[in-house]
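Derivation of every value follows stated rules applied to the coordinates shown; laboratory data play no part. All of these numbers come straight from a predicted model, not from anything done at the bench. When we count neighbours, we look across all protein chains shown, and the Cβ atoms used for this are built from the backbone with ideal geometry, even at glycine.
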Amino acid sequence: MGTKDRSRESTPAVIADLYEIPEVYDLLHAPGTLRDVSLCRRLRRRYARGPAAEGLAWIEPGCGTGRYVIALANAGCEAVGIDLSESMIAFARRRAERRRSERGSATFHVGDMESMESAVGRGRFDGALNLINSIRHLMTDRSLDRHLASAAGVLRPGGVYIVGISMAMYGHESPTEDVWRASRGSASVVQVVQYDPPTASRGSAARVERVYSHITMTTPARQREYVSSYTLRCYSRGQWMGAIERSPLRLAAVVDESGREIDVPELGYGIYVLRRPLGR
């Protein structure tokens, strides 16, 4: 018969918004940060035009704990993050202060993705990034249109906005599950995520993917569990391309996670390089 390990305290699962536990969010999302930043910098050099092709100013809407912004600063860039969550921005500022770079700068603002100019001004940035479906937290077409217009407003002419987003095929997708693992020092985290896709493009529940998350955070002293759920806005290929066409930005390229150019996918994840035209 086994014996119970009494050295680690286990607590009941807590219903928690992941954005209100930034230390867990940051640990969970840390893997791949440097790879993603390296890819975005390559894409900016490849697809930006004019002075923006050589610039070092970046902005991340929906920056969360600021991991990309801080990595850009460490690479010598002037990087700015914006997020609506005060707890995330407070965490990002503390982290940036601890890891202050001598090569670049990391600055954070509490602000809205739909009106970034009010926080950072116009025509200031050479590149912007919004990866891993973060843009799908904007839950209406009107919000997306405003956001893309705001992104164009904060970019210099020729600058690029790099957006990672998954396409949907309504009625052709099944529920799926992912398991994510990460560790830092003696702490480890496991997240089990279940995705319930939309079944139609119209109706009361249309264009909404429901996401259910169960996180287990383990340290030498205790084990904690967090459960949450949230929704994401869905886009078919036609809906997403239509949004780009309505915006002041233009599609420069679609690439996969290695940076290789691909066709616009009907289903699944792609990275879209949107460019503010020169002369605008």
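Over all projection directions, the Cα-based convex hull of the stretch 122-268 averages an area of 11.0 nm².
Scale the Cα Rg of the stretch 23-120 by the rule-of-thumb value 2.2 N^0.38 Å and send over the ratio, two decimals.
1.04
By the count of neighbouring beta-carbon atoms within 10 Å, fewest first, Met217, Met139 end up ordered Met139, Met217.
Estimated at 0.36 nm per residue, the fully extended path between Thr140 and Arg210 surpasses their Cα-Cα distance by 23.7 nm.
Counting only Cα atoms, the size of the stretch 221-261 along its three principal axes is 51, 26, 18 Å, in decreasing order. The value of relative contact order for the chain, using C-alpha pairs under 8 Å at least six residues apart, is 21 percent.
The mean sequence separation of alpha-carbon pairs under 8 Å and at least six residues apart, normalised by the residue count of the stretch 28-78, gives a relative contact order of 39 percent.
Working note: Cα atoms of the stretch 97-144, range along each principal axis, descending, whole Å: 41, 25, 20. Cα extents for the chain along the principal axes, largest to smallest and rounded to whole angstrom: 74, 51, 34. Charges were assigned to the Cβ only: +1 to each Lys and Arg, -1 to each Asp and Glu. The resulting dipole of the stretch 165-271 about its Cα centre is roughly 440 debye. With axes computed from alpha carbons, what is the tilt in degrees of helix 237-246 against the longest principal axis of the chain, rounded to the nearest 10 within 0 to 90? Roughly 50 degrees between the two axes.
What's the long-distance tail for the stretch 79-182, i.e. % of Cα pairs beyond 24 Å? Tail of the P(r) past 24 Å holds 36 percent of the pairs.
For helix 33-47, report the angle its Cα long axis makes with the longest principal axis of the Cα atoms of the chain; keep it between 0 and 90° and round to the nearest 10°. For 33-47 against the chain, the angle is about 10 degrees. Exposed loop sites here mean GluC sites (Glu not before Pro) with a DSSP loop assignment and at most 10 other beta-carbon atoms within 10 Å; the chain contains its longest site-free run at 103-280.
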